[in-house]
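The values are calculated or read from the model by the stated rules, or taken from the named source; none is laboratory data. Quick caveat, the model's predicted, so the values are computed rather than measured. Using ideal geometry, Cβ is built from the backbone for each residue, glycine included, and neighbour counts are taken over all protein chains shown.
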Amino acid sequence: MSSAAPLKILSIAHPAVSRDAGRLRYYPLGRRVDVDVHLVVPAVWHQFGRIITADPSDDPGITVHVMPIRLPKAGPMSWYLHFYPGLRRLIRELDPDVVHLWEEPWSVVAMQARLLKGRAVMVMEVDQNILKRLPPPFEFIRKQVLVNTDHVLSRSPDATAVVRARGYDGPVSSIGYGVDITNFRHDVAPLLPPVVRPAFRIGYVGRLVVEKGLDDALEAMAHAKTPVTLALMGEGPHEGVLRQRVAELGLIDRVSFRGWGKPVEVARFLRSLDALILLTRTTHAVKEQFGRVITEAQACGVPVIGSTGGAIPDVTGEGGWIVPESDPDALAALIDRIAVDPSEMQRRSQAALANVMSRFTYEAVADDLASACFAAVARRRGG
């Protein structure tokens, strides 16, 4: 008696151009016998002014197709105009059961896949969590792609609401960003509890921009009764304003700045903290879509103090605390409470680790992707 053939999945994903980032989430799929994964990535990718050449295609357990793209950086929607001239031939040769897109639904490559997918079901990941009408032809592309999508993998409840508002009425399941727990891991030698340390140490990793609410953290430090230090890792246009505000509040000895670090340095930095802060403020153009640093900190056993902005509460779960956006007094009150409560800090640290292990390891993300693909095929087949 022969076993069923593995489900053939063709995943199109520009974030998987590099092994040290997006491609790692596919490796657990390569260890499964019930799926046959083919991954399409661009040979060259343009991002934030950098040119990224795809890593080699000899990845374990999966077949990686490194393919040239057209329009890699054209126009105001530069990330979403690219398409693969060789995709038609590849789909004909593979005849996949599933075409999976780790691309936004208004992208040209999403429309290309929708037109070429043949008998395959289509599974789409979505991040966009602000509902706005896109300029032509992107609004048309989004609607056409969504009405022809069989299953949506959503990064947040807000992202789900956006695709619902734009015509998608099929099944939705959640998917996170995976975290590399071999690097971001809990230190087996714990630091001194907060009540023993000379100060409660909070920290931030990311771009120094006004939307991240770091001004609120400085105001909270000035108001809190508890001695608090703040360590910032990152760069950005708001750094000068932050340094000036630090001086005005008399916090020069309690706030430190450092530039970007490699992942191993980021992990070491996170393990030095009592809590990470992510205090994003929602604007007409900014709404936190996920907050990867949340899961990186939690994988290190560091709980998170987050704002109510966007996906932060959902991603944080029980592994931290949530305060209202732009509310330094609420943040100061929270710090005063938790800094002297070792049991609360320990409980949140354990919850942070549990949150990551159950939802955000690469294995968990791969399982979410595979489950969506199997569900879409079963729904198409009527059972």
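Among the residues of segment 18-32, those identified as more than 21 Å from Met122 (Cα to Cα) and of a type in the set (A, V, I, L, M, F, W, C) are Ala21, Leu24. Of the candidates Arg32, Arg19, Arg88, Arg114, the single residue that is at pLDDT 95 or above, among the basic types (Lys, Arg) and out of contact with any helix residue (DSSP H, G or I) (no Cβ under 6 Å at 6 or more places or on another chain) is Arg32. Within segment 328-357, the set of residues being among the acidic types (Asp, Glu) and either more than 17 Å from Ile277 (Cα to Cα) or without any contact (Cβ under 8 Å) to a residue 40 or more places away in the chain (or both) comprises Asp341, Glu344. Within segment 204-228, residues that are touching a residue at least 40 places away in the same chain (Cβ under 8 Å) and of a type in the set (Phe, Trp, Tyr) reach partners that are assigned to a loop (DSSP other than H, G, I, E, B) and surrounded by 17 or more Cβ atoms within 10 Å (Cβ to Cβ) with beta carbons closer than 8 Å, at six or more positions or on different chains, in the pairs Tyr204/Gly234.
Here is the figure for segment 326-373: residues that are within 16 Å of the chain's Cα centre (by Cα) and assigned to a loop (DSSP other than H, G, I, E, B) total 1.
The residue list Val98, Val64 contains one member that is under 29 Å from Thr182 (Cα atoms) and either β-branched (Val, Ile, Thr) or over 20 Å from the mean Cα position of the chain (by Cα) (or both), which is Val64. Scanning segment 177-184 for any residue that is outside any strand (DSSP E or B), modelled with pLDDT of 95 or more and over 18 Å from the mean Cα position of the chain (by Cα) turns up nothing.
For Gly306, the conditions (1) under 18 Å from the mean Cα position of the chain (by Cα); (2) part of a loop (DSSP other than H, G, I, E, B); (3) over 21 Å from Asp20 (Cα atoms) all hold with the exception of (2).
Within segment 68-78, is there a residue that is on the phi > 0 side of the Ramachandran plot and of a type in the set (A, V, I, L, M)? Outline the logic, then answer.
Just the residues of segment 68-78 that are on the phi > 0 side of the Ramachandran plot, to begin with: 71, 75.
From what's left, of a type in the set (A, V, I, L, M): 71.
Looking through segment 68-78, at least one residue is on the phi > 0 side of the Ramachandran plot and of a type in the set (A, V, I, L, M).
Total residues in segment 7-39 satisfying the condition of being buried (at least 16 other Cβ atoms within 10 Å of the Cβ) and charged (D, E, K, R): the figure is 4. Residue check: Val246 meets all listed conditions (1) more than 29 Å from Phe184 (Cα to Cα); (2) surrounded by 19 or more Cβ atoms within 10 Å (Cβ to Cβ); (3) in contact with a helix residue (DSSP H, G or I) (Cβ under 6 Å, 6 or more places away or on another chain) but one, namely (3). Please work out which residue is nearest to the chain's Cα centre (by Cα), limiting yourself to segment 186-225 and to residues that are at pLDDT below 95 and surrounded by 16 or more Cβ atoms within 10 Å (Cβ to Cβ). The selected residue is His186. Looking at Gly309, Gly320, just one residue is under 16 Å from Val209 (Cα atoms) and crowded, with 23+ Cβ neighbours inside 10 Å, and that residue is Gly309.
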